[in-house]
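A short worksheet on the structure shown next.
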């Protein structure tokens, strides 16, 4: 069973730690969505997943949910975007990668603090607005 932290303990974690965990949370949400909606080979499933985990998609996803976030969630997003020590891959623009890191920090925060349902709700809103897996 996954351990849940208090909201204050989770908030105290560095944004890089939240993004590290949130990367996994996002990946699981994406893979679950793809596997439950598509009956195809692993190669095609991988292509569909890559479309949703790349920085440019996650950057767009931030734009979709930003107006819906609470003050605390916006704080996490801001901290994730401003996190230091981020190495931007050649395949992404720095601004996109920072917003993608912010999204991952938010999803890490929500899951670690026991707000997984909220993460799933935001994920569904994103998928409705940006249907990349069709």
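Since every read-out is calculated from the coordinates, none of them should be taken as a lab result. Because the structure is a prediction, the values reported are computed rather than measured. All Cβ positions, glycine included, derive from the backbone under ideal geometry; neighbour counts span all protein chains shown.
Go through 56, 87 for me and flag whichever is loosely packed, with under 12 Cβ neighbours inside 10 Å and closer than 19 Å to residue 19 by Cβ. Working first, answer last.
Working: 56 fails: loosely packed, with under 12 Cβ neighbours inside 10 Å.
Among 56, 87, only 87 is loosely packed, with under 12 Cβ neighbours inside 10 Å and closer than 19 Å to residue 19 by Cβ.
Kindly indicate the residue of segment 116-134 that is outside any helix (DSSP H, G or I) and in contact (Cβ under 8 Å) with a residue 40 or more places away in the chain and also nearest to residue 76 (Cα to Cα) among those meeting that condition. Lay out the reasoning, then the answer.
Within segment 116-134, the subset outside any helix (DSSP H, G or I) is 130-134.
From the residues that got through so far, the ones that are in contact (Cβ under 8 Å) with a residue 40 or more places away in the chain too are 130, 132-133.
Working: 130: 22, 132: 25, 133: 27 Å.
Only one residue fits best here, namely 130.
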**Fill in**
Subset of segment 79-105, residues closer than 17 Å to residue 66 by Cβ and out of contact with any helix residue (DSSP H, G or I) (no Cβ under 6 Å at 6 or more places or on another chain), comes to 82, 95
